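J.: Supplied in structure tokens, the structure appears directly below.
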Amino acid sequence: MEQILKETNSHEADSISNLGLKFNPFPRSGIADSNSSDEVIESLPPINKETMSEIVGFVKDSLFNKNPREIDPYLSLIIRGDYGTGKTQTLFFIKWLLESLRGENKVNPYVVYIDNPGLKLSELIGSIINEIGQENFKRYLWDVFLAHLNKNQSLLEQLRSISKSNLSTLFTEESKHLTINEYVSYKIFIDDLYKGVDTKKRKEVQDALKVAIVKCFEEIAPNTSVAIYFYDLVADNIGINKTWDLLTTGSIKEIDKREFHILKTIVEIIKGLGYTDFIILADEFEEITAGRLPKTEIDNYLRNLRTLIDKEKNWCAVFAMTGKALTMIEQFSPPLADRIKGRIIDLKPLNIETSKILITNYLNLARDNSIEIYPFDESAISTLLEYTEGSPRLLLKYCYLLIQRTKDEMQENVIINADFVKRYVKPLDN
């Protein structure tokens, strides 16, 4: 242990610096980091020109090239590739690109990245709400209710008469257009409502609030069940114990077969806040067809997803999956496959040129921009390609390892060549 610590302290900074790098820029596991900054994601664009062209086309058509009379604005894109080909990183780049266009030509897209579609459609919907964020979504729902109270004096008077609170201070001329960004928040509203009430009176206020909130949400939801579901999401704010995880994991039986209505309402709420587009990025869609579900449940999930897409067209989606998963979807539900595979990006194995681009992009994260592949040379890249069979994930993982191992070399200006690679990396079939 002393030897490890001694060598680490004495060689680490110098060895990285000798390579012209500030740090080891390659991902330790070769996997895209969901916590990467926008600057990093922007610096790691798709390395294939055709892929970039397809992404730009999808983004332009989903945000800008719209027919105002079109009744079906839904667009879908599939990112198809084997494990380790960069599907997740591609989704991160699409998310960054969409969000970077906010404010351009009056577009303001709301983008949700889902890392797993779940085992039933209600889990996917729950993941969407969870990704929006517990506090964010509660604020959105409370904003709807506060605006509703401003327009419905009878409900306001009913709550006023029960709590005897000085609610009039919350609904003056200056606060007629309440939004989540203004100083009057739902928390202040609730605190004032409960101020000075005893336990019995508190229960009366809670019951009256439930009636008022459900009635409000019935105006934006298609039925009472969906309205109650949204009430349950905010119920803990008024002292009713509800488990957020239970509500957002698809475990509530009442929301089964109502996913379309819930998504429709979510989209309407988001767009009511000033967002112009709602786009879902669904990663690892192959999990649905990976053998964890019986065929009847796979069929049910895909059939419900097709119904959701057919009924609610006011959104766009990008699905990342393997080729095998898409083939199974085509077998289980040809109509759904036709609906989602209008545009397909195929992520291909690396070659010499794309490997150079990928390695250079990562090296530039830790140095001034350059087109040089140093400390690697051509022979190292050729050997890595042979050993990894063109897998971006494995190549990046091994690049991390090789940069780390340069610390073990005593000479300066180490070159990572074929011999260096063979010393530390083994072929896949070994």
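J.: Please state which one of F145, F92 is assigned to a helix (DSSP H, G or I), touching a Phe, Trp or Tyr at 6+ places or on another chain (Cβ under 9 Å) and in the same structural domain as D192 (by TED's automatic domain parsing).
T.: Working: F92 fails: in the same structural domain as D192 (by TED's automatic domain parsing).
Residue meeting the stated conditions: F145.
J.: So which residues in the range 250-308 are at pLDDT 85 or above, in a loop (DSSP other than H, G, I, E, B) and under 22 Å from R80 (Cα atoms)?
T.: Across the range 250-308, the qualifying residues are D283, E284.
J.: Select from the range 274-299 the residues that are surrounded by fewer than 16 Cβ atoms within 10 Å (Cβ to Cβ) and on the phi < 0 side of the Ramachandran plot and list them in ascending order. Break it down into steps so the answer makes sense when it comes.
T.: At the first step, the residues of the range 274-299 found to be surrounded by fewer than 16 Cβ atoms within 10 Å (Cβ to Cβ) are 274, 276, 290-292, 294-297, 299.
Hits for the range 274-299 are T276, A290, R292, P294, K295, T296, E297, D299.
J.: Those residues that are surrounded by 15 or more Cβ atoms within 10 Å (Cβ to Cβ), modelled with pLDDT under 75 and under 16 Å from L121 (Cα atoms), I need them from the range 225-249; list them, please.
T.: Residues satisfying the conditions are L247, T248, T249.
J.: Restricting to the range 18-47, name every residue that is crowded, with 16+ Cβ neighbours inside 10 Å, more than 23 Å from the chain's Cα centre (by Cα) and part of a loop (DSSP other than H, G, I, E, B).
T.: Matches in the range 18-47: L19, L21, N24, P25.
J.: Residue pairs, Cβ under 9 Å, 6 or more apart or interchain, first in the range 357-373 and more than 14 Å from E42 (Cα to Cα) and in the same structural domain as F23 (by TED's automatic domain parsing), second basic (K, R) and at pLDDT below 95. List them.
T.: That search, which allows pairs on different chains as well, returns A366/K22; R367/K22.
J.: Which pairs have Cβ atoms under 6 Å, sit 6 or more apart or on different chains, and link a residue in the range 95-106 that is basic (K, R) to one that is surrounded by 10 or more Cβ atoms within 10 Å (Cβ to Cβ)?
T.: Cβ pairs passing all conditions: K95/V111; K95/Y113; K95/L281; R102/N108.
J.: Further, regarding this structure: Failed condition for F332, given (1) aromatic (F, W, Y); (2) within 22 Å of the chain's Cα centre (by Cα); (3) farther than 18 Å from I114 by Cβ, with all others met?
T.: Evaluating F332 over (1) aromatic (F, W, Y); (2) within 22 Å of the chain's Cα centre (by Cα); (3) farther than 18 Å from I114 by Cβ leaves (2) as the failure.
J.: Does the range 66-81 contain at least one residue that is assigned to a helix (DSSP H, G or I), surrounded by fewer than 20 Cβ atoms within 10 Å (Cβ to Cβ) and either modelled with pLDDT of 85 or more or not aromatic (F, W, Y) (or both)?
T.: The first filter runs over the range 66-81 and keeps only residues assigned to a helix (DSSP H, G or I), leaving none.
No.
J.: Within the range 170-183, can one find any residue that is among the aromatic types (F, W, Y), modelled with pLDDT of 55 or more and either loosely packed, with under 11 Cβ neighbours inside 10 Å or closer than 15 Å to A147 by Cβ (or both)?
T.: Let us first name the residues in the range 170-183 that are among the aromatic types (F, W, Y), namely 171, 183.
Now narrow it down to the ones that are modelled with pLDDT of 55 or more: none.
No: the range 170-183 contains no residue that is among the aromatic types (F, W, Y), modelled with pLDDT of 55 or more and either loosely packed, with under 11 Cβ neighbours inside 10 Å or closer than 15 Å to A147 by Cβ (or both).
J.: Filter the range 208-224 down to the residues that are within 27 Å of the chain's Cα centre (by Cα) and free of Cβ contacts under 8 Å to residues at least 60 places away in the same chain, then identify the one that is surrounded by the fewest Cβ atoms within 10 Å (Cβ to Cβ). So that I can check it myself, show each step before the final result.
T.: Applying the first criterion (within 27 Å of the chain's Cα centre (by Cα)) to the range 208-224 yields 217, 220-222.
When the remaining residues are screened for being free of Cβ contacts under 8 Å to residues at least 60 places away in the same chain, the result is 221-222.
Numbers: A221: 23, P222: 14.
Per the criteria, the residue is P222.
J.: When the range 285-321 is examined, which residues are found to be in contact (Cβ under 8 Å) with a residue 40 or more places away in the chain and either more than 25 Å from D61 (Cβ to Cβ) or not assigned by TED's automatic domain parsing to the domain that holds L77 (or both)? Please lay out each step first, then the result.
T.: So in the range 285-321, the residues in contact (Cβ under 8 Å) with a residue 40 or more places away in the chain come out as 285, 287-289, 292-293, 297, 300-301, 304-305, 307-309, 311-321.
Result: E287, I288, T289, R292, L293, E297, N300, Y301, N304.
J.: Which one of I344, I340 is out of contact with any helix residue (DSSP H, G or I) (no Cβ under 6 Å at 6 or more places or on another chain), buried (at least 21 other Cβ atoms within 10 Å of the Cβ) and under 17 Å from K87 (Cβ atoms)?
T.: Just one listed residue meets the conditions, I340.
J.: Is it the case that V205 is surrounded by fewer than 17 Cβ atoms within 10 Å (Cβ to Cβ) and at pLDDT 80 or above?
T.: no
J.: Continuing with the same structure: Within the bounds of the range 127-136, is there any residue that is surrounded by fewer than 19 Cβ atoms within 10 Å (Cβ to Cβ), under 25 Å from V205 (Cα atoms) and modelled with pLDDT of 80 or more?
T.: Yes.
Condition check ((1) crowded, with 20+ Cβ neighbours inside 10 Å; (2) part of a loop (DSSP other than H, G, I, E, B); (3) among the hydrophobic types (A, V, I, L, M, F, W, C)) across all residues:
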residue	(1), (2), (3)
P335	no, no, no
K348	no, yes, no
E353	no, no, no
L365	no, no, yes
Y374	no, yes, no
L394	no, no, yes
C399	yes, no, yes
D419	no, no, no
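J.: With the requirement that a residue be over 20 Å from I262 (Cβ atoms) and surrounded by fewer than 20 Cβ atoms within 10 Å (Cβ to Cβ), what does the range 300-325 give you?
T.: As a first pass, look at the range 300-325 and keep what is over 20 Å from I262 (Cβ atoms): 318, 320-325.
Hits for the range 300-325 are T322, G323, K324.
J.: Could you tell me whether the range 309-330 includes any residue that is modelled with pLDDT of 90 or more and part of a loop (DSSP other than H, G, I, E, B)? So that I can check it myself, show each step before the final result.
T.: Just the residues of the range 309-330 that are modelled with pLDDT of 90 or more, to begin with: 316-330.
Right, trim to part of a loop (DSSP other than H, G, I, E, B) and you get 322.
Yes, that holds for at least one residue.
The values are calculated or read from the model by the stated rules, or taken from the named source; none is laboratory data. Model, not experiment: these values are computed from the prediction. All Cβ positions, glycine included, derive from the backbone under ideal geometry; neighbour counts span all protein chains shown.
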